[in-house]
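Working notes, structure below.
Every number here is computed from the coordinates shown, using simple stated rules; none is lab data. The shown structure was predicted, so the numbers you read here are calculated from the model rather than taken from an experiment. With ideal geometry, Cβ positions are generated from the backbone for all residues, glycine too; neighbour counts draw on all protein chains shown.
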Amino acid sequence: MDYRISAHRQDGHGSIAMAKTAELTMDTDPAGRPDAFNPVELLLAALAACMIKGVERIAPRLTFAFDGIDVALQALRQDSPPKLVKITYQIAVTTTETDARLDLLHRNILKYGTISNTLLAAVPMEGTITRVQDCAAI
């Protein structure tokens, strides 16, 4: 599969990325801006989307019943040279499945995720998956 986006600098404060018919405002201002994702936040959002999409793909194959999923991510950046040195995550799933089935889901999320596999090759990543009653809990 081939993925494509294009990006355009709007001004000194932001840029626009386009894919298919969607547009995304990006924070490319060195001073930052609160109304757009910066590059690291975009990377973390891609990882979160990968994890959630993974559940949507895997759950039917595993006959894994769930009502919701939330993902919280954090990246640790070093300054010199600038790079991410660690990503941590929490996945919260609203489900009545057993701990063993939740663990199976977690392993599959990491095993079959394009973004998670790519990042795992470059950045140490660790996290947990938990069962919750209310997905808004994390």
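What to note about this one:
- The condition of being within 30 Å of ILE129 (Cβ to Cβ) and among the hydroxyl-bearing types (Ser, Thr, Tyr) holds for only one of SER15, SER116, SER80, SER6, that being SER116.
- Count - residues of the stretch 73-88 that are of a type in the set (Ser, Thr, Tyr) and in contact with a strand residue (DSSP E or B) (Cβ under 7 Å, 6 or more places away or on another chain): 1
- Lone unmet requirement of (1) out of contact with any strand residue (DSSP E or B) (no Cβ under 8 Å at 6 or more places or on another chain); (2) surrounded by 14 or more Cβ atoms within 10 Å (Cβ to Cβ) for GLU56: (2)
- Of all the numbered requirements in (1) touching a Pro at 6+ places or on another chain (Cβ under 6 Å); (2) surrounded by 15 or more Cβ atoms within 10 Å (Cβ to Cβ), ILE109 misses one, and that requirement is (1).
- Within the stretch 26-52, restricting attention to residues that are free of Cβ contacts under 8 Å to residues at least 12 places away in the same chain and surrounded by 10 or more Cβ atoms within 10 Å (Cβ to Cβ), the residue that is nearest to ILE129 (Cα to Cα) is ALA45.
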